[in-house]
Amino acid sequence: MEAQRSQFAIKFLPSLTDFAFLLPIAFLFGRMDGVPTLLSDCDTGWHIRTGDWMVANHVVPTHDVFSFSKPNGVWYAWEWLSDLIFSGLNHLGGLRAVVLLSLLLLCVIFTLLFRLAAGRANRVVAIAVTVLAVASSSVHWLARPHLFTLLFLVLFFHWLERVRAGHPRIAGIPYFVFLPVATVLWTNLHGGFIVGILMVAVYGAGETLTAAFSADPAVRRQAARRAIAWFGTALACLAASLANPYGWRLHVHLVEYLRDPYASQHISEFFTLSFHHPAAIFFEALLLASAVSAFWYGSQRRFTESLLLLLFAHAGLLAARNIPLFAIVSTPLVAAAITAWLERLPRFEVAAWLRRAGARFNELAAQTDATDRIPRWHLVSATGFVFVAAVLFAQNPPKQFRSEYDPKSYPADAIEVLRHDPSARVFTHDEWGDYLIWRLYPTAKVFVDGRSDFYGDDFENQYIDVLNVKNDWQQILDGFGVNTILLPPSAPLAGVLKENSRWRAVYDDGVALIFRSVPTAAGKPSSVVLKGSGAGRDREVTKTSASDQAITRNQSNRSETQ
């Protein structure tokens, strides 16, 4: 009776599963900037507006609806289902609802990851490696559809391991049928579905290596049969991924985009992580543990584990946005390897104190594992998440909980000025282009935004040429009919525009500058410096023309009312 009461009391206590669930919340608000971190990329804005457009038009877009530079260009909105979800949440609760879903996804992802690791290792080691995974993956925590790819990657890993463990069915449905069905959903949520197909193929490659290097004919035959099943499932998942609004053309587009050098040269999340980054130390630790684990698994002829670790470690080193994928795949494998090493430590030829420490740790870990497996009601997880939600939706939440784009990083006030000028054809950098879509849709269109796969290499290079003030920058802007330029004061182009008689600064709030084009007489030089060696330059650059009075008057009135 006493034991039953004790077990009942334990149900109220937190478990390591609760700890795993709350880890992203603790890390986001304890070590990072909180909600602004999730909104540090304005791609979320155009995803929401894409969903808005679909709700209004009852169709998935096939041509561009946001830009004036490539009107009606062919566009693959491959996250269309995520966009609908984001749009619906924004309609119900604004950006706060989108942020809350994103935070919930992170909590669920790492809870499932811990449980997957705990199925292969003792729970003390599993939670320790999960902490490394949380910290490493934080380099790409954003309220964007890629979070669905992280969720599906954990689920696929769990399902694949279930099959390897001899449990080939879920609810009576064979996993080899279930996985392609799940791929259909993944494909329409995010383009990362390719990772799932690749992962299934790696299981086939691991069995192929087992068949090739095993000396036992029976083992070779069994491994060959399993390899065929895995490769067949990968092909089935690939075929299932064709069930999207764009069919096979989406796959061609994705391949072309991944081969395009523009992203790796100009988009920060495609860069290799700087090892001066605050999260780099956690990534390094996980990377080192993965390298040792891959070698150990190879020595045990467990080729699937080695291949998974090597492939995803390479991806993580290639681009920062791949680090969360690497963290998810490596965590269960590294935890299992460390557990195996610790269990063998008391038998190793090492110092006696080290063998005793290893034995003591294993004993405590076993006791913790047994206690932690007692079912809980997870009240701590629920309470913690409800508390965060309550603060997010409070009337005036603390800065870390505010679901808004930082007005010190985005042109919030300048947008209000542009809102009153529907004739403006605005050039700005892609991040602020996202913000323009978020704030001005559907009344205004943009020159460029974060959809680099849509704009393509040639266009993006022209855009970079303008930002870098290459020789033909003015001709490029003229070709697109740009009459307004929105830039931060630090932009090189902003400095050039102040010296150019064809452009006049009409707005400056310290965060953003707005320049308007000024018609010039034929044959006259465009540079004020050339025209008069700088004499009277400041007065001429800042002098308001009739065409600009509406904008400057609006700003003046706004300043008086603040």
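The values are calculated or read from the model by the stated rules, or taken from the named source; none is laboratory data. The model shown is predicted, which means the values in this text are computed figures rather than measured ones. Reconstructed Cβ throughout: ideal geometry from the backbone, glycine too, with neighbour counts over all protein chains shown.
When restricted to residues that are over 16 Å from R115 (Cα atoms), without any contact (Cβ under 8 Å) to a residue 24 or more places away in the chain and either aliphatic (A, V, I, L, M) or surrounded by fewer than 15 Cβ atoms within 10 Å (Cβ to Cβ) (or both), region 344-371 contains 16.
For region 266-292, the candidate set comprises residues that are small (G, A, S) and not in a loop (DSSP other than H, G, I, E, B); within that set, the residue that is nearest to T187 (Cα to Cα) is S268.
Within region 222-276, the residues that satisfy the criterion of being surrounded by fewer than 18 Cβ atoms within 10 Å (Cβ to Cβ), within 23 Å of the chain's Cα centre (by Cα) and among the small types (G, A, S) are S264, S268, S274. Can we say W78 is at negative phi, aromatic (F, W, Y), under 18 Å from the mean Cα position of the chain (by Cα) and part of a loop (DSSP other than H, G, I, E, B)? Criteria met by W78. Applying the criterion of being surrounded by 16 or more Cβ atoms within 10 Å (Cβ to Cβ) and in contact (Cβ under 8 Å) with a residue 40 or more places away in the chain to the residues of region 379-399, the residue that is farthest from L28 (Cα to Cα) is V380. Sub-7 Å Cβ pairs linking a first residue in region 282-301 that is assigned by TED's automatic domain parsing to the domain that holds I338 to a second residue that is crowded, with 16+ Cβ neighbours inside 10 Å and not in a helix (DSSP H, G or I), at least 6 apart or interchain, are F283/L273, ordered by first then second residue. Among the residues of region 86-104, the ones that are surrounded by fewer than 19 Cβ atoms within 10 Å (Cβ to Cβ) and closer than 23 Å to G384 by Cα come to 5 in all.
From I85, I48, grab the single residue that is more than 16 Å from the chain's Cα centre (by Cα) and under 28 Å from L242 (Cα atoms).
Result: I85 is the single residue among I85, I48 that is more than 16 Å from the chain's Cα centre (by Cα) and under 28 Å from L242 (Cα atoms).
Only one of the numbered conditions (1) in a helix (DSSP H, G or I); (2) of a type in the set (D, E, K, R); (3) more than 27 Å from the chain's Cα centre (by Cα) is not met by R120, and that is (1).
A quick yes/no check of all residues on (1) small (G, A, S); (2) in contact with a Pro (Cβ under 8 Å, 6 or more places away or on another chain):
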position	(1), (2)
Q395	no, no
R402	no, yes
A414	yes, no
G433	yes, no
T443	no, yes
R451	no, no
N461	no, no
D465	no, no
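Suppose the filter is in contact with a Phe, Trp or Tyr (Cβ under 6 Å, 6 or more places away or on another chain), among the hydrophobic types (A, V, I, L, M, F, W, C) and part of a helix (DSSP H, G or I); does A263 pass it? Yes, satisfied. Scanning region 206-220 for residues that are surrounded by 12 or more Cβ atoms within 10 Å (Cβ to Cβ) and in a helix (DSSP H, G or I) gives G206, E207, T208, L209, T210, A211, A212, F213, V219, R220.
Tallying residues that are touching a helix residue (DSSP H, G or I) at 6+ places or on another chain (Cβ under 7 Å), within 15 Å of L286 (Cβ to Cβ) and either among the aliphatic types (A, V, I, L, M) or surrounded by fewer than 23 Cβ atoms within 10 Å (Cβ to Cβ) (or both) within region 105-137 yields 12.
For every residue, the table says whether it meets (1) surrounded by 22 or more Cβ atoms within 10 Å (Cβ to Cβ); (2) in contact (Cβ under 8 Å) with a residue 60 or more places away in the chain; (3) closer than 26 Å to H429 by Cβ.
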| position | (1), (2), (3) |
| --- | --- |
| W46 | yes, yes, yes |
| R49 | yes, yes, yes |
| D52 | no, yes, yes |
| E79 | yes, yes, yes |
| L84 | no, no, no |
